[in-house]
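The values are calculated or read from the model by the stated rules, or taken from the named source; none is laboratory data. Remember, it's a predicted structure, so these values are computed and weren't measured experimentally. Please note: Cβ atoms are built from the backbone with ideal geometry, for glycine as well, and neighbour counts cover all protein chains shown.
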Amino acid sequence: MKYSAIKMVLTASLLETFPKVEEEEIEAMVSHWLQTQNENVPLLTRSMKEHSLALFESSGRRDVSSRLVKETEPPYQTQLPIIWDDIPFRPVSQPQFTFIDLFAGIGGFRMSMQEQGGKCVFSSEWDSDAKKTYEANFGEVPYGDIRNISERSIPDHDVLCAGFPCQPFSLAGVSARNSLNTSHGFACETQGTLFFDIVRIMKKKKPRVAFLENVKNLVGHDGGKTFSIIRQTIESLGYRFSYKLISASPLVPQRRIRCYMVCVRGGINDFIFPDFEGEPLALRTILEHNVDSSFTISNRLWEGHQRRTKRNLARGTGFTAFCADLDKPSNTIVARYGKDGKECLVPQGKKNPRMLTPRECARLQGFPDHFIIPTAKTSAYRLFGNSVAIPVITKIARNIVGSLKNH
Ligand SMILES: C[S@@+](CC[C@H](N)C(=O)[O-])C[C@H]1O[C@@H](n2cnc3c(N)ncnc32)[C@H](O)[C@@H]1O
């Protein structure tokens, strides 16, 4: 049976038998179980497992289910009656290490870590369109709000990956919050504190490495206080903390400078960041041909952009909206790009410029073309804007995995 069919059957049956459990939670349990087949699937109770195994039995898969009962840890996905051919980025069959994917978004970290031979044993993400995209590509529904998930229920892992929410630290986020007179950074209770969810998981699970990503402004936020709290907190858990501000433009044609943090436990002492020197790539290398006219912006929008640009230039503030230079990288693609496209408008001769397509945004972040985009375009823009530049993550991940193998 294909992944989507087997997941649907198990989910429907568990929902019927355990009606008090939320559907999203059941989907997360079932898909994590199908991916990992180990004892430690968060929230999946013994009776739920028994029920699922009975279902396997009744569909004539006695040998598989009895193996599942007897053995627990080894990776089973290659022996399960699941055909993963509806899933483009399948679980690896001979994992070299394990990792978890927190604030998983659409799985930018997972793409790289799986490619390096890693097996994902837990993911968490609360946005429903992100979950939908994640499942379509990886065959796993992430668990929801990380604040409600006990660190004890998370499986052991070698690497903790987290591109934690950056709005409280980004320049745009801070100025919006300042003007609204609300708190930001750690003082912003809803989002800034999510770093401490990473900390409580690290404290309990002691991964060998934590690989974190955030906006570059994290380093200077609140006169450097926020970053030094992050650093000290991680060091107090027994990790060596290193970070680097890296521009993605030699690897993808996008100006995107982010702060990457790699925290290694005592014993691993040879991790160094790779080199990211190189000429910036040209936007034209990722453009699609014959783009639908619905991506061309309206006269009203284009005139509005030009008016605001002139005003901002005179004041020396704010974003400006110009047509992109196709021989240079695009500006940073952010979550709001889909609203009006001002970060990157593609010139079209005499016609009004056009927006990038979601596929072009995916390419700007290094997602391969067989990455499935199952959502409407407004969501897709937001999800790609929030994601990571995959080739940057991959290059750092190679050094992390190299260090893990040496120790
Ligand atoms: C900066 S994005 C990370 C994107 C991800 N690295 C990727 O490659 O797509 C942060 C993500 O955290 C998610 N998030 C925010 N608060 C959360 C929470 N309490 N529990 C789970 N996910 C959360 C957001 O929905 C968002 O997708």
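The figures follow:
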quantity: Index of the failed condition, residue 31 passing every other in (1) in contact with a strand residue (DSSP E or B) (Cβ under 7 Å, 6 or more places away or on another chain); (2) buried (at least 16 other Cβ atoms within 10 Å of the Cβ); (3) of a type outside the set (Val, Ile, Thr); calculated: (1)
quantity: Selection count where residues are out of contact with any Leu (no Cβ under 8 Å at 6 or more places or on another chain), crowded, with 23+ Cβ neighbours inside 10 Å and either of a type in the set (Ser, Thr, Tyr) or in contact (Cβ under 8 Å) with a residue 60 or more places away in the chain (or both), scope segment 122-134; calculated: 3
quantity: Residue under evaluation residue 267, criteria (1) under 22 Å from residue 403 (Cα atoms); (2) modelled with pLDDT of 95 or more; (3) more than 23 Å from the chain's Cα centre (by Cα), criterion not met; calculated: (2)
quantity: Residue within segment 363-371 that is over 30 Å from residue 269 (Cα atoms) and in contact with a strand residue (DSSP E or B) (Cβ under 7 Å, 6 or more places away or on another chain) present; calculated: yes
quantity: Subset of segment 91-121 (residues that are of a type in the set (Phe, Trp, Tyr) and either within 27 Å of residue 377 (Cβ to Cβ) or within 12 Å of the ligand (Cβ to nearest atom) (or both)); calculated: 103, 109
quantity: The listed residue being buried (at least 16 other Cβ atoms within 10 Å of the Cβ), of a type in the set (Lys, Arg) and either within 16 Å of the ligand (Cβ to nearest atom) or modelled with pLDDT of 95 or more (or both), out of 336, 308, 359; calculated: 359
quantity: Checklist (1) within 14 Å of the ligand (Cβ to nearest atom); (2) in contact with a Phe, Trp or Tyr (Cβ under 9 Å, 6 or more places away or on another chain) applied to residue 88, failing item; calculated: (1)
quantity: Matching entry among 356, 313, 326 (being touching a Ser or Thr at 6+ places or on another chain (Cβ under 8 Å) and either at positive phi or part of a loop (DSSP other than H, G, I, E, B) (or both)); calculated: 356
quantity: Among the candidates 252, 209, 262, residue that is on the phi < 0 side of the Ramachandran plot and away from the ligand (no atom under 16 Å from the Cβ); calculated: 209
quantity: Scope segment 1-60; condition among the small types (Gly, Ala, Ser), modelled with pLDDT of 90 or more and under 23 Å from residue 154 (Cβ atoms); matching residues; calculated: 28, 31
quantity: Any pair with Cβ under 7 angstrom, 6 or more apart, that starts in segment 155-174 at a residue that is near the ligand (Cβ under 10 Å from one of its atoms) and ends at one that is part of a loop (DSSP other than H, G, I, E, B) and modelled with pLDDT of 95 or more; calculated: 162/103; 163/103; 163/105; 163/388; 164/103; 165/103
quantity: Residue ID - surrounded by the most Cβ atoms within 10 Å (Cβ to Cβ), chosen from residues in segment 274-300 that are assigned to a loop (DSSP other than H, G, I, E, B) and among the small types (Gly, Ala, Ser); calculated: 282
quantity: Members of segment 249-264 that are within 17 Å of the chain's Cα centre (by Cα), not in a loop (DSSP other than H, G, I, E, B) and not aromatic (Phe, Trp, Tyr); calculated: 257, 258, 259, 261, 262
quantity: Scan of segment 224-248 for residues that are touching a Cys at 6+ places or on another chain (Cβ under 6 Å) and part of a helix (DSSP H, G or I), ordered by number; calculated: 234
quantity: Residue under evaluation residue 147, criteria (1) crowded, with 19+ Cβ neighbours inside 10 Å; (2) near the ligand (Cβ under 9 Å from one of its atoms); (3) not polar (S, T, N, Q), criterion not met; calculated: (1)
quantity: Every residue from segment 308-353 that is among the hydroxyl-bearing types (Ser, Thr, Tyr) and touching a residue at least 60 places away in the same chain (Cβ under 8 Å); calculated: 330, 332
quantity: Enumeration of residues in segment 365-407 that are within 15 Å of the ligand (Cβ to nearest atom), of a type in the set (A, V, I, L, M, F, W, C) and surrounded by fewer than 19 Cβ atoms within 10 Å (Cβ to Cβ); calculated: 372
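Per-residue answers, yes or no, for (1) touching a helix residue (DSSP H, G or I) at 6+ places or on another chain (Cβ under 6 Å); (2) modelled with pLDDT of 95 or more:
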site	(1), (2)
195	no, no
201	yes, yes
222	yes, no
226	yes, no
241	yes, yes
